[in-house]
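For reference, the structure is listed below as structure tokens.
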Amino acid sequence: MRRWLLLAALALGSSAAAAHEMTMAEMEVRQISRTDFLWQWGASGTKPASQELTPVWPEGCASAEDYILRCGEGGLRGTMAVEGVGKTYSAAMVRVLWLDGQRRVYTITSAQPRVRLYGSADDERGMGEIAQAYTVLGVEHILSGYDHLMFVIALLFLVGFNTRLVWTITAFTAAHSVTLALAALGLLTLRSPPVEATIALSILLVAGEGLHGRETLSRRWPALVAFIFGLVHGLGFAGALRDIGLPQNHLSVALLTFNVGVELGQLFVVGLAYLVYRTLLRLPRFAAGRTPALYFIGSVAAYWAIGRIVSIVA
């Protein structure tokens with residue numbers, strides 16, 4: 001076992017070191033008329049960004065000769081991506097200089113591969129459109145956030161489907177709602193790597209607690225444990241929300257509906273888990289799968305934790 005852990009640590013360390021060597025590409029997009037833009041890559045890295053990265057412009061925009069981007073009457077509006085991010089370049093920073101003198105900077109990574117442009121420096125969508133968009137973004141984020149989902153599933157194994165689960169999930173929701181709001185509004189800031197490492201460790205701890213029947217703090221007060229770790233998970237949600245961006249108009253609506261979307265996705269997963277539980281409960285070997293499932297969750301969490309800790313110290 002020690003040999004395997006050492007090999008895993010070495011592999012993670014080498015991948016973290018390789019990631020550390022990756023650089024950020026910079027692109028400038030300057031509006032020169034109502035419908036046309038001039039774009040170019042900046043000098044960065046050992047290989048020209050133009051050889052490694054390919055911009056995918058919003059629908060209706062097309063790059064012509066001499067790096068002229070023509071967008072028609074709709075302007076630079078829609079979803080933009082950059083193909084190739086995550087290989088030679090770890091991120092692409094797109095700086096847009098608008099005709100009215102305002103500028104906005106967008107960061108594209110493999111984790112956040114697309115950004116939304118609105119035809120101007122400011123997001124001019126109405127309240128209803130923003131509410132709908134950020135609710136969907138919240139659902140998408142929780143359903144694609146495997147570490148957050150794994151923590152919720154580990155809680156299900158620890159508590160079970162009983163009345164205590166209601167209080168545990170409520171405590172987790174309340175905690176990450178608080179830190180999500182504080183961090184998104186700039187009132188609480190922490191570096192992302194320690195937050196992500198702590199999230200992985202929280203999964204490992206809850207999975208470990210679920211493997212034994214001793215009356216520990218986690219078993220006596222699961223809601224308290226869920227609340228404490230929920231504070232950290234909220235900072236993880238906030239990091240994703242910073243990557244997506246918050247509109248200056250209707251800021252509170254975007255923040256609230258994103259959180260609502262996260263909760264809807266979370267409740268969907270809990271409901272789906274309950275249906276699976278009720279369906280498989282009568283199978284004679286169903287109870288025997290509990291221990292392997294918790295070992296699997298703990299092993300994945302340990303892998304994440306080692307990798308994230310190594311990336312901090314490397």
Which one of Ile153, Pro193, Ala174 is farthest out on the positive end of the charge dipole of the range 86-211, using unit charges on Cβ (Lys, Arg +1; Asp, Glu -1) and the Cα centre as origin? Pro193
Virtual spin-label span in nm between Val313 and Trp221, 7 Å along Cα→Cβ: 3.1 nm
Expressed in nm to one decimal, what extension gain is obtained for the pair Arg214 and Thr79 from 0.36 nm per residue of sequence separation less their Cα-Cα distance? 43.5 nm
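Can you compute the equivalent ellipsoid semi-axes for the range 186-250, i.e. the square root of 5 times each eigenvalue of the Cα gyration tensor, sorted largest first and rounded to whole Å? Intermediate results must be reported in sequence, preceding the final value.
Values: eigenvalues 184, 30, 15 Å².
So the three semi-axes of the range 186-250 are 30, 12, 9 Å.
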Would you mind telling me which residue in Gly261, Gly236, Gly126 has the biggest mean-square fluctuation in a Gaussian network model of the chain, where springs connect alpha carbons within a distance under 10 angstrom? Gly126
Which of Pro247, Pro284, Pro222 ends up with the largest GNM mean-square fluctuation for the chain, with Cα atoms connected below 10 Å? Pro284
Want the number for Ser192 to Leu283: 0.36 nm per residue separation, take away the alpha-carbon distance, what's left? 28.5 nm
Along the three principal axes, how long is the range 59-116 when you take its alpha carbons, biggest first, rounded to the nearest angstrom? 33, 25, 21
Can you order the peptides 74-85, 90-101 by their average number of other Cβ atoms within 10 Å per residue, highest first? 74-85, 90-101
Highest mean packing first, using Cβ neighbours within 10 angstrom, the peptides 129-138, 25-34 sort as 129-138, 25-34
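Express the accessible area of the chain per residue in Å², computed with a 1.4 Å probe while the remaining protein chains stay in the model.
Counting only protein heavy atoms, the per-residue value for the chain is 55 Å².
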In Å and whole numbers, how far do the C-alpha atoms of the range 166-312 stretch along each principal axis, longest first? 56, 35, 26
Length-normalised contact order of the range 97-192, Cα under 8 Å, at least 6 apart, in percent, tallies to 11 percent
For a Förster distance of 22 Å, can you work out the FRET efficiency between the beta-carbons of Phe161 and Tyr303, rounded to the nearest 0.05? 0.20
Out of Gly138, Val232, Asn259, whose Cα points farthest toward the positive end of the dipole of the chain (charges: +1 Lys, Arg; -1 Asp, Glu; placed on Cβ)? Val232
Dipole of the chain, Cα-centred, from +1 at each Lys and Arg C-beta and -1 at each Asp and Glu C-beta, to the nearest 20 debye? 1400 debye
Viscosity 1.567 mPa s, temperature 4 °C: what is the translational diffusion coefficient of the chain from Stokes-Einstein with a Kirkwood Rh over Cα pairs, rounded to a whole number of µm²/s? 59 µm²/s
I'd like the trypsin sites (Lys or Arg not before Pro) in the range 226-302 restricted to DSSP loop residues with at most 16 other Cβ atoms within 10 Å, sorted by number. Arg282, Arg285
Evaluate the distance, in nm, between pseudo-label points positioned 7 Å from the Cα of Val260 and of Glu59 along their respective Cα→Cβ axes. 2.6 nm
Difference of contour (0.36 nm per residue) and Cα-Cα distance, Asn249 to Val136: 38.8 nm
So for the chain: antiparallel DSSP bridges make up what percent, rounded to the nearest 5? 75 percent
How many nm separate the modelled label positions at Ile228 and Leu272, each set 7 Å beyond the Cα in the direction of the Cβ? 3.0 nm
Enumerate by residue number the trypsin sites (Lys or Arg not before Pro) in the range 174-240 meeting two conditions: DSSP loop (anything except H, G, I, E, B), and at most 16 other Cβ atoms within 10 Å of the site's Cβ. Arg191, Arg214
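The values are calculated or read from the model by the stated rules, or taken from the named source; none is laboratory data. In this text the structure is predicted, and so the values were computed from the model without any measurement. Every residue, glycine among them, receives a Cβ derived from its backbone with ideal geometry; neighbour counts consider all protein chains shown. Please note that ligands, DNA and RNA were not included when accessible areas were found on the heavy atoms of the full protein model with its side chains. Shrake-Rupley method; radii C 1.70, N 1.55, O 1.52, S 1.80 Å.
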